[in-house]
Structure formats: C-alpha cells, structure tokens
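The values are calculated or read from the model by the stated rules, or taken from the named source; none is laboratory data. Note that the structure is a prediction, hence the values are computed from the model and not measured. So basically every Cβ, Gly included, is an ideal-geometry build from the backbone, and we count neighbours across all protein chains shown. Surface accessibility is based on the protein's heavy atoms, side chains included, excluding ligands, DNA and RNA. Shrake-Rupley method; radii C 1.70, N 1.55, O 1.52, S 1.80 Å.
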Amino acid sequence: MSVFQSIELIKVNKEGKVTESVKLDFNPGCLTVTSTEELLITCYGGSPLINKLSKDRRVTRFTDIIPLKACGISVNDSDEVFVTTATTTIQVLNMSGDRIRQISHGGGWRSIVCLATGNTVVSTGYSNIYCEEMIVINKTDQVKHKWSGELDNGQKLKKTLQCDIASDRYDRIFVPDYYTDQVYVVTRNERMAKCLLDKTHGVTHPLAVCVDMCGQVWIGCENGTVYVMQL
C-alpha cells in the first residue's frame, strides 16, 4: 500500500497487519504489479518518473516519460504497461520502459486498469479529477463502450470523483467514488453500475481500490480506514 503524504510503502497480510515497510525518496502515487512480482510506482502530484520496486526491495528508475507526467498505471497479460498522463494521451510501454505506442481518444485520462480479456478501462473527466465517463478500449485501441454514471436503480450520477479503479478476474470493474461516498461495480456485459458499499457500511470518502489474488476487494478511505470485502 502507498499512504497519502508518506514516503514509504507498507506491506500488510490478509488480516490487515503491517508486516514490512520500504522507505522511498519520493511520495508514491499509483501502484501496479508485473508478472515477475515487481512493483511499478508513479509519483504523487505528477512526475514524468516511474520507479520500480524489485523483490529484493531495491528501488530503481523504471522510465522517464518527460515531458508528460505519469498518473495511473496498469500492466496487461502481455506485459504492456499502460500509463495515463492527465492529457489526451495514454502511453504504452514495454517492460524495459520503452514506448511502444500511444493511445489518444480525447479527455483527460486519470485512472486505468487492464482487464483479463485484453481490454483496457480508463476514466476521464474535467480537471483530471471529476469523472465524466469510464471508457473501455479494446485490443486494437478502439473505444468499445462507455459508462457515464448510469446506475441499476434508474438514476444517473451527475458527477463522480474517482482517484482509482480496479478489476477482478471476471472483469468486474470496481469504482470508489469520493464525491458520493459509495463504491460501485460495473460488470463486463452491462452498461449500468451497482452500488456495493456506502455510508451505511461506514464508508466515507473512498479513494483507492484493489483486488487481491483471493478475489477480495480492498477499499482505502481518506481517513486511513481500509475495508476488505469478499464478493
């Protein structure tokens, strides 16, 4: 886990107990794990640098995408690294940190996650924070479909604030919404979202989300509380 305004990463076990920490010389932003169990890390606040944490706990520079700034990051099953840049461009890198190609579809890209099907999901919106849409991009870098805040109860969100999204092995997309204090799930073949957690469960200002190898969904909130949910 990265901790807001902290220059260290912490490792927790399945009971939520901290078992290890690694000191950094930068504030970590978004994290993603490679097929070789290395951790790629962007810098909080916007930086062209992407760092790598190896299994022996050494921190090295993975790449520099200057003049762009790395925001969200995710790795697909083909070991391609997708990096959002708070611009209309998504950079696609190989595991050596070299640029393979770029994807441009308009909007200010923010959060990104690669799905098991080979598709990529990315959120976009104004000011790079408030999300207007989540877009599914296929293997040929074309827009497959969009989610614009439609819920299964017939409502449509006027605006959401998403700092992170994640998916599981069934390609369900989990969306924490800081603005509405809710966590949504969007399934593979549907265009509507279902609310999983809200204030009635104690969730306040959810910011981060990930899915572990056991299928449990971890949600980190602004107040430092982490919720773990088994679907």
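Can we say Gly154 is open to solvent by 60 Å² or more (accessible area, probe 1.4 Å), on the phi > 0 side of the Ramachandran plot and modelled with pLDDT of 80 or more?
Numbers: open to solvent by 60 Å² or more (accessible area, probe 1.4 Å): yes; on the phi > 0 side of the Ramachandran plot: yes; modelled with pLDDT of 80 or more: yes.
Answer is yes for this residue.
Given (1) buried (at least 17 other Cβ atoms within 10 Å of the Cβ); (2) within 20 Å of Ser74 (Cβ to Cβ); (3) not aromatic (Phe, Trp, Tyr), identify the lone condition not met by Lys144.
Unmet for Lys144, out of (1) buried (at least 17 other Cβ atoms within 10 Å of the Cβ); (2) within 20 Å of Ser74 (Cβ to Cβ); (3) not aromatic (Phe, Trp, Tyr): (1).
Could you run through segment 101-123 and say how many residues are farther than 18 Å from Thr42 by Cβ and of a type outside the set (D, E, K, R)?
Of all residues in segment 101-123, those farther than 18 Å from Thr42 by Cβ come to 101, 104-107, 115-119.
Filter once more, keeping what is of a type outside the set (D, E, K, R): 104-107, 115-119.
The qualifying residues number 9.
Would you call Asp164 within 15 Å of the chain's Cα centre (by Cα), open to solvent by 20 Å² or more (accessible area, probe 1.4 Å) and of a type outside the set (A, V, I, L, M, F, W, C)? Please lay out each step first, then the result.
On the way: within 15 Å of the chain's Cα centre (by Cα): yes; open to solvent by 20 Å² or more (accessible area, probe 1.4 Å): yes; of a type outside the set (A, V, I, L, M, F, W, C): yes.
In short, yes.
When you look at Thr19, is it outside any loop (DSSP other than H, G, I, E, B), in contact with a Pro (Cβ under 9 Å, 6 or more places away or on another chain) and over 17 Å from Cys221 (Cβ atoms), yes or no?
It is false that Thr19 is outside any loop (DSSP other than H, G, I, E, B), in contact with a Pro (Cβ under 9 Å, 6 or more places away or on another chain) and over 17 Å from Cys221 (Cβ atoms).
For the list (1) modelled with pLDDT under 90; (2) part of a strand (DSSP E or B); (3) open to solvent by 10 Å² or more (accessible area, probe 1.4 Å); (4) not β-branched (Val, Ile, Thr), I need the number of the one condition that Ser111 fails.
Only one criterion in (1) modelled with pLDDT under 90; (2) part of a strand (DSSP E or B); (3) open to solvent by 10 Å² or more (accessible area, probe 1.4 Å); (4) not β-branched (Val, Ile, Thr) is unmet by Ser111, namely (3).
Yes or no, residue by residue, for (1) free of Cβ contacts under 8 Å to residues at least 60 places away in the same chain; (2) of a type outside the set (D, E, K, R); (3) at positive phi:
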| residue | (1), (2), (3) |
| --- | --- |
| Asn138 | yes, yes, no |
| Phe174 | yes, yes, no |
| Asp177 | yes, no, no |
| His201 | yes, yes, no |
| Val211 | yes, yes, no |
| Gly220 | no, yes, no |
| Met229 | yes, yes, no |
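If I ask for residues that are surrounded by 14 or more Cβ atoms within 10 Å (Cβ to Cβ), in a loop (DSSP other than H, G, I, E, B) and among the aliphatic types (A, V, I, L, M), which ones from segment 182-224 would you list?
Met192, Val203
Taking into account only those residues within segment 167-181 that are outside any strand (DSSP E or B) and out of contact with any Asp or Glu (no Cβ under 9 Å at 6 or more places or on another chain), which is surrounded by the fewest Cβ atoms within 10 Å (Cβ to Cβ)?
Out of the qualifying residues, it is Arg169.
For segment 7-53, which residues satisfy the criterion of being of a type in the set (Val, Ile, Thr), under 19 Å from Gly224 (Cα atoms) and over 18 Å from the mean Cα position of the chain (by Cα)? Break it down stepwise before answering.
To start, the set of residues in segment 7-53 that are of a type in the set (Val, Ile, Thr) comprises 7, 10, 12, 18-19, 22, 32-34, 36, 41-42, 50.
Still in the list and also under 19 Å from Gly224 (Cα atoms): 7, 10, 12, 18-19, 22.
Residues satisfying the conditions are Ile7, Val12, Val18, Thr19, Val22.
Conditions first: (1) open to solvent by 30 Å² or more (accessible area, probe 1.4 Å); (2) of a type in the set (Val, Ile, Thr); (3) touching a residue at least 12 places away in the same chain (Cβ under 8 Å). Val83 passes all but one, so which condition is the exception?
(1)
Residue-wise test of (1) without any contact (Cβ under 8 Å) to a residue 24 or more places away in the chain; (2) open to solvent by less than 60 Å² (accessible area, probe 1.4 Å); (3) not in a strand (DSSP E or B).
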| position | (1), (2), (3) |
| --- | --- |
| Lys14 | no, no, yes |
| Gly29 | no, yes, no |
| Thr32 | no, yes, no |
| Ser35 | no, no, yes |
| Leu40 | no, yes, no |
| Gly45 | yes, no, yes |
| Thr60 | yes, yes, no |
| Ile90 | no, yes, no |
| Gly97 | no, yes, yes |
